[in-house]
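Q: Below are the structure tokens for one structure; questions will follow.
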Amino acid sequence: MKDIILTGDRPTGRLHLGHLVGSLKQRVELQNSGKYEQIFIEIADAQATTDNSGNIQKVKDNVIEVALDYLSCGIDPKKSTIFLQSEVPELSDLTFYYMNLVTFSRLKRNPTVKQEIEYRGFNNSIPVGFMTYPISQAADITGFNANIVPVGDDQLPMIEQTREIVRTFNRLYGEVLVEPHAVLPKNEFCKRLPGIDGNAKMSKSLGNCIYLADTKEEVEKKVMSMFTDPNHVKVSDPGKTEGNPVFIYLEAFCKDEHFEKYFKNEETKELEYKNLDELKAHYERGGLGDMKVKRFLNFVLQDTLEPIRKRRCELENNIPEVYQILFDGSDKARNIVADTLGKVKKAMGLDYRNDKDFITKQAEKYSSNS
Ligand code: ATP
Ligand code: MG
């Protein structure tokens, strides 16, 4: 079977470190491995309207931000198709038919949706479109016959929902849809990167992010203000590294070469810490201050973000070309989803125009009546 990848992001803000480690890095690796038949990357603007109906301008403005972030992280439009969800209306048709294959109580049980409803403070005023967005994600995935979906772990319930829809559809109407699998980052700490405020998830909607496009100064300021272990008051106090976002970020981003670069004594050539385990051990037994760890994290993040920032600066001079990449990608995406929609409608028996036999039989039925 051909391996096809579908993944995407909501244009509700610029992309952040969580996206980088949770999904973007993997996409670039998969793209450059050359092992995949096709890679589709969706800017999910239509989905983003489900919780931003009063602020469509925000969604519209962030489309280019997400596109710039993709390209500056190494997504190559020659190898991956980047497209706009709203430019592929056939996805809405698929969503409509899939809606009948899912119960309302099943939607309400989705743990990610439940948590998002709480974060967004919807209470009882939940937009219907928002409740059904996992179904529209099933349309996004199956529309491209994707079998691989690289995501952070908050998306696992969506992939499970998609798999259920596929199984139900295929059982009722015949084997048409492909059942997808999620691909999570290998590094445990990257599956759900926490926010700088210590919240379990860095998320655009929670405003607790370090953005890929933040300036050097903004990154430094955010790192220095990060939540750490609240009981680590004095430098001499023993500290907790587990659940401490500063250490989680180090787990996600630092490499042994960073210790070589930033913890080497120039005179003795000795390393103060050889690796993260040594740094963690010192913090846990006491005697290592937050400031020193944060300064190190800042260097590590600046090293990671500097090349991305540089590429973004160059791309910002070519905005119309970036939009053209999206339009070309959307045209290509639309052809593929139209083909899937055709197969879906045919399997359901809704392709009247191509069903000559059906029209002939109807004609016979009515002529025998007369
Ligand atoms: P929003 O708050 O608008 O939902 P978001 O920050 O959750 O935005 P999405 O566009 O919903 O971002 O997510 C896009 C992809 O990035 C998904 O695959 C998701 O799993 C992944 N992702 C988002 N935040 C994180 C995170 N903190 N850690 C790891 N992966 C993440
Ligand atoms: Mg999200």
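Q: Which residues in the stretch 280-315 place their backbone N less than 17 Å from a point set 7 Å from the Cα of Lys234 along the Cα-to-Cβ direction?
A: 283-291
Q: Continuing with the same structure: Among Glu116, Glu87, Glu220, which one shows the highest mean-square fluctuation when the chain is modelled as a Gaussian network with alpha-carbon springs under 10 Å?
A: Result for the chain, Cα springs under 10 Å: Glu116 fluctuates most.
Q: A follow-up question, please. Taking the alpha-carbon centroid of each part, what is the distance from the stretch 220-247 to the stretch 13-79 in angstrom?
A: If we compute the Cα centre of each part, the gap is 31 Å.
Q: What are the ³J(HN,Hα) values, in whole Hz, obtained from phi via the Karplus relation 6.51 cos²θ - 1.76 cosθ + 1.60 with θ = phi - 60°, for each residue of the stretch 64-76 in sequence order, with x given for Gly and Pro?
A: 5, 4, 5, 4, 5, 4, 4, 5, 6, 8, x, 5, 10
Q: Picking from Leu326, Leu276, Leu341, which is most flexible by a Gaussian network model of the chain using Cα springs under 10 Å?
A: Looking only at Leu326, Leu276, Leu341, the largest GNM fluctuation is found for Leu276.
Q: 7 Å from Cα along Cα→Cβ at both Ala200 and Arg106: what's the point-to-point distance in nm?
A: 2.4 nm
Q: For the chain, what class follows from the C-alpha gyration tensor (a ≥ b ≥ c being the square roots of its eigenvalues): rounded when a/c is under 1.5, otherwise prolate if a/b is larger than b/c, else oblate?
A: Note, shape of the chain comes out prolate.
Q: Provide the gained length on full extension for the span Lys79 to Lys255, in nm with one decimal, where the gain is 0.36 nm per separating residue minus the Cα-Cα distance. Intermediate values should be presented prior to the final figure.
A: On the way: separation 176, 0.36 × 176 = 63.36 nm, distance 2.84 nm.
The span from Lys79 to Lys255 would gain 60.5 nm if fully extended.
Q: Further, regarding this structure: Could you order peptides 191-201, 169-179, 314-324 by the average number of other Cβ atoms within 10 Å of their residues, highest first?
A: 191-201, 169-179, 314-324
Q: Going by amide H atoms built from the backbone, whose H comes under 5 Å of the H on Arg14, apart from near neighbours?
A: none
Q: List the residues whose amide H sits under 5 Å from the amide H of Thr81, counting only those 5 or more places along or on another chain, with H placed 1.01 Å from N in the peptide plane.
A: Hits under the 5 Å cutoff: Ile39, Phe40, Ile41.
Q: Please give the FRET efficiency for Asn354 paired with Asp328, using the beta carbon to beta carbon distance and R0 = 35 Å, rounded to the nearest 0.05.
A: The computed FRET efficiency comes out at 0.75.
Q: Still on this model: Where does helix 319-348 land angle-wise versus the long Cα axis of the chain, in degrees 0 to 90, nearest 10?
A: Once rounded, one gets 40 degrees.
Q: Please arrange Glu65, Glu217, Glu251, Glu42 by counting, for each residue, the other beta carbons lying within 10 Å of its beta carbon, fewest first.
A: Glu217, Glu251, Glu65, Glu42
Q: Nearest 500 deg cm²/dmol is fine: what mean residue ellipticity at 222 nm does the chain get from its DSSP H runs of n ≥ 4 alone, each adding -39,500 (n - 2.57), divided by its residue count?
A: -16500 deg cm²/dmol
Q: Gln57 to Met291: extension gain in nm, 0.36 nm per residue of separation minus the Cα-Cα distance? Don't jump to the answer; show the numbers that get you there.
A: Values: separation 234, 0.36 × 234 = 84.24 nm, distance 3.94 nm.
That works out to 80.3 nm of additional length.
Q: When Thr49, Thr168, Thr142 are ordered from fewest to most other Cβ atoms inside 10 Å of their Cβ, what list results?
A: The order, fewest Cβ neighbours first, is Thr168, Thr49, Thr142.
Q: At 0.36 nm per residue, minus the direct Cα-Cα distance, what do Gln302 and Ala338 gain on full extension? Give it in nm, one decimal, please.
A: 8.6 nm
Q: For the stretch 271-283, what does the Karplus curve 6.51 cos²θ - 1.76 cosθ + 1.60, with θ = phi - 60°, yield as ³J(HN,Hα) per residue in whole Hz, taken in order and with x for Gly and Pro?
A: Calculated HN-Hα couplings, in order: 8, 5, 9, 7, 7, 5, 4, 5, 5, 5, 4, 5, 4 Hz.
Q: If you average the C-alpha positions of the stretch 125-141 and of the stretch 299-318 separately, how far apart do those two centres end up, in angstrom?
A: Between the Cα centre of the stretch 125-141 and that of the stretch 299-318, the gap is 34 Å.
Q: Still on this structure, I have one more. Give me, ordered by chain and number, the residues 5 or more places off Thr228 or on other chains with an amide H under 5 Å from its own placed amide H.
A: none
Q: To continue, here is another question. Shape call for the stretch 27-174 from the C-alpha gyration tensor, a ≥ b ≥ c root eigenvalues: rounded (a/c under 1.5), prolate (a/b greater than b/c) or oblate?
A: On the way: a/c = 1.79, a/b = 1.20, b/c = 1.50.
Oblate.
Just so you know, all these numbers are worked out from the coordinates, no wet-lab data involved. Please read these numbers as outputs of a predicted model, since none were measured by experiment. All Cβ positions, even for glycine, are placed from backbone atoms using ideal geometry, and neighbour counts span all protein chains on display.
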